[in-house]
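As structure tokens, the structure follows; a few thoughts come after it.
What follows draws every value from the coordinates through simple rules; no lab data is involved. Note that the structure is a prediction, hence the values are computed from the model and not measured. In this analysis, Cβ positions are derived from the backbone assuming ideal geometry, glycine residues included, and neighbour counts consider all displayed protein chains.
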Amino acid sequence: MAGVRRFTDLIFWQRARQWSKRIFELAKREPFRSDPRLVVQVNDSSESVMSNIAEGFGRGTQGEFVLFLGYAIGSLNETQSHLCAAYDRGYLTKPEFREVFQEGTEIRKMTIGFIQSMVQPGSGVKHHRKAQPSWTEQVWERFERITGQKRPPLFETRSGPSRETTQNGHDEPAA
């Protein structure tokens, strides 16, 4: 996020804002506006895209930001579903539907690309998980637990510092 000081600096937030505005304008026209339930749903979900981006930005950690970007993508998918319903009901022409649906797809691509750039190694967001023992190790652990006997010395594992594996599979010393 180098150079980004406010959520309003994010290009995909700006695009989400314009997208929401365009959907609002389309929903004000007849016959669309005669379906108040769908109008409220599509406007709320499209506004939620930009709101979740803004809220995540302000949360203070990159991990929470990524979480809220996921919520934004969910709201975007919901909006596209409502747009499908509007098209199916004859509230949008084919070119209008294609335009707003495609813009949503572009915003999703930008958001996913941003998320991917944040979680790449060296970006500051790391998801550590403990390394899973090998299948052989799991079998010996079960043997010891069930029988109450130690495994033969030949099959004992070397003891060393605890290690963790990042999602990309690289070992790192445990904190």
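Could you check the spin-label model distance between GLU156 and SER134? Points 7 Å from the Cα along Cα→Cβ, value in nm.
1.7
Residue by residue through the range 104-116, which ³J(HN,Hα) values in whole Hz follow from phi under the Karplus form 6.51 cos²θ - 1.76 cosθ + 1.60 (θ = phi - 60°), with glycine and proline marked x?
Per residue, the Karplus-derived 3J(HN,Hα) values read x, 4, 5, 5, 4, 4, 5, 5, 5, x, 5, 4, 4 Hz.
Just subtract the alpha-carbon distance of GLU99 and SER34 from 0.36 nm times their residue separation and send over the number in nm, one decimal. Write out the running numbers ahead of the final one.
Numbers: separation 65, 0.36 × 65 = 23.40 nm, distance 2.19 nm.
Roughly 21.2 nm would be gained on extension.
Take the Cα pairs of the range 7-119, get the Kirkwood Rh, then feed it into Stokes-Einstein at 4 °C and 1.567 mPa s and tell me D in µm²/s. Please report the intermediate quantities before stating the final value.
Numbers: Rh = 14.1 Å.
The calculation lands on 92 µm²/s.
Report the calculated FRET efficiency for GLU55 and GLU106 (r = Cβ-Cβ distance, R0 = 22 Å), to the nearest 0.05.
Values: r = 22 Å, r/R0 = 0.98.
So the FRET efficiency works out to roughly 0.50.
If the cut-off is 20 Å between C-alpha atoms, which aspartates and glutamates fall inside it for LYS28, apart from same-chain ones fewer than 8 positions away?
ASP44, GLU47, GLU78, ASP88, GLU96, GLU99, GLU103
Between THR147 and SER117, what is the label-to-label distance in nm when each label sits 7 Å out along the Cα-to-Cβ direction?
5.6
Name the residue from ALA27, SER75, GLY63 whose Cα lies farthest towards the positive end of the charge dipole of the range 1-110, charges +1 on Cβ of Lys and Arg and -1 on Cβ of Asp and Glu.
Final value for the positive-end residue is ALA27.
Within the set of other residues whose C-beta is less than 10 Å from the C-beta of PHE65, count the net charge using Lys and Arg as +1 and Asp and Glu as -1.
Values: positive: ARG59; negative: GLU55, GLU64.
With Lys, Arg at +1 and Asp, Glu at -1, the net is -1.
What's the extension gain from PHE24 to GLN62 if we count 0.36 nm per residue and subtract their Cα-Cα distance? Can you show the working numbers first?
Details: separation 38, 0.36 × 38 = 13.68 nm, distance 3.07 nm.
That pair, PHE24 and GLN62, stretches by 10.6 nm at full extension.
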